[in-house]
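The structure under discussion appears below in the form of structure tokens.
The values are calculated or read from the model by the stated rules, or taken from the named source; none is laboratory data. All of these numbers come straight from a predicted model, not from anything done at the bench. Please note: Cβ atoms are built from the backbone with ideal geometry, for glycine as well, and neighbour counts cover all protein chains shown. The accessibility values were calculated without ligands, DNA or RNA, using every heavy atom of the protein model including side chains. Shrake-Rupley method; radii C 1.70, N 1.55, O 1.52, S 1.80 Å.
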Amino acid sequence: MEEPSNGQRGEPNAPFGASNDGLTSNGLIPQLFTSVPTLNEAASYIAKTTSIFTGCFSDNSVEPSRDSRNPIVHAQELETFSCGQNRGYVASICDLPSSSGSHPATHAESSNAATAAPINGEITRTSTRVASEDASAHEESNPTGGIGISMFKSLIDRARRTVRGSADDIGWLQRASGMPPVDDGTERFTEILDNIRHGLHKLPNSMVYLLVPGLFSNHGPLYFVNTKMSFSKMGLACHIAKIHSEASVEKNAREIKEYIEEIYWGSRKRVLLLGHSKGGVDAAAALSLYWPDLKDKVAGLALAQSPYGGSPIASDILREGQLGDYVNVRKLMEILICQVIKGDLQALEDLTYEKRREFLMKHQLPRELPVVSFHTEAGISSTALATLSHVAHAELPAVSPLSASDQPTKLAVVIPLGAVMAACAQLLQIRYGEKSDGLVTCRDAEVPGSVVVRPKRKLDHAWMVYSSLNDDPSEADASQVCEALMTLVVEVGQQRRHELAMKDE
């Protein structure tokens, strides 16, 4: 009698034919690239190729029996087949000729034996035990096989983690239970901004305005400078917090607390804060950690393009267990931040989803604090890719000693920050389908319980603090946007105090 084919046993025929197809069927290599459907076929090919390689190292799934009177039933096949399929498979083995050339039983007898539940259960237990013992002996004789399989499984796990990235983390704050809802203040913000552009300014002189810069601001001399000059021209007291932006969130939170207390005791005026990027996270941390000491000294907080929930860029760079571990990406970032920039790697780690989730579960902003959160979407057009940002001035000596002016000539230092932001925004859009300003996704910038501003204008992450050479003069500039945000915070604070007074009455 001819040996039945795989199709008669109920096994699917695979072109690669390796017995390690269990790697795929057991879920070790699922559809990894669900976020990029065009790579599904490539993922399937990698899965099957891996099965072939692991089969070359070790094949514990098939162990021929030396005793023809006691055929061994494959343990892995018994696990993957249903109960009925097991019986059919045992029956087909019983029909095979023995090594001596004689048949062990007729087809009817083998069918009866296969359909008998106790006998089938006994065969299954015996076969599983024998196959397990043989597999153990085979692994002992071939220890490199297990190492090879482990290496390939680790590679696949790293590839899966790398491709998945931050897909499950983006917008986690909006899904978290117990978080207060946000209010849309875009319309009111637009009205305030239009009034400012027409010369109507409402920021009171009874407050001091503190601007908190973001990551790497120590290396940008013009960070927030235009905004501070604009506020000073209106007769408003405005300061830029001189913190080490590459320090950890908790360290900067302590420094901001000291800044607020020093300003308050020197002026006897409450402080209104506006933090950009990581500066907003640092300012929010200061108010969350030290609110009992600051509640009478702070008027409100505005967060502009701040990764309050975390940043996919920081998370994707520092996440462990990725393919980047093979080239030690984390070590490269540590050298860049700690040795080149003289900062602390913890500053970047504090912006990952894991660290932000851990911090916010313990320390949330007080409900009575007026908060406005502002986020934008970067343009990804060819015009945005050609944007140059003015980040510094270079002073050149006078061209001639006989020149009428002895003042050094100032030369603008520009870098393509806008192009970098546009490229990053396009990457986040393609990979995760998320809108962002290039570094922070819109959903991660919305603070629970805050008034959210969602402008339609395309603005990248660097626009808020560095002017662009191709800014449209018919549009509001960054200093006017900052003024409008702070004015909105003042209005939100007045409205909340009015609501509390009405409740008390």
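Of the residues Asp316, Asp184, the one with the largest accessible area comes first in the ranking Asp184, Asp316, computed with a 1.4 Å probe on protein heavy atoms. When peptides 472-483, 237-248, 205-216, 298-309 are ranked by their average number of other Cβ atoms within 10 Å per residue, the highest-first order is 298-309, 205-216, 237-248, 472-483. These residues, Asp344, Asp169, Asp183, go from largest to smallest accessible area, 1.4 Å probe, as Asp183, Asp344, Asp169. Accessible area per residue was computed with a 1.4 Å probe on protein heavy atoms; Lys257 scores about 40 Å².
For Ala253, what is the net charge nearby, where nearby means another residue's Cβ is under 11 Å from its Cβ and Lys, Arg count +1, Asp, Glu -1? Intermediate values should be presented prior to the final figure.
Details: positive: Lys251, Arg254, Lys257; negative: Glu250, Glu255, Glu258, Asp282, Asp350.
Local charge sum for Ala253: -2.
Computing FRET efficiency as 1/(1 + (r/R0)^6) for Phe216 and Ile147, where r is the C-beta to C-beta distance and R0 is 56 Å, gives about 0.85. Using the Kirkwood radius over C-alpha pairs as Rh, can you work out the diffusion coefficient of the stretch 157-313 via Stokes-Einstein at 25 °C, viscosity 0.890 mPa s, in µm² per second? Taking Rh from Cα pairs, D becomes 140 µm²/s.
First select every other residue whose beta carbon is under 14 angstrom from the beta carbon of Leu365; then total the charges, Lys and Arg +1, Asp and Glu -1. With Lys, Arg at +1 and Asp, Glu at -1, the net is +2. Accessible area per residue was computed with a 1.4 Å probe on protein heavy atoms; Ser230 scores about 30 Å².
Between Ala237 and Tyr209, the built amide H atoms are under 5 Å apart, and every one of these is 5 or more places off in sequence or on another chain. Fully extending the segment from Arg268 to Glu320 would add 13.9 nm, taking 0.36 nm per residue of separation and subtracting the current Cα-Cα distance. With the whole protein complex present, Arg454 retains an accessible surface near 80 Å², based on a 1.4 Å probe.
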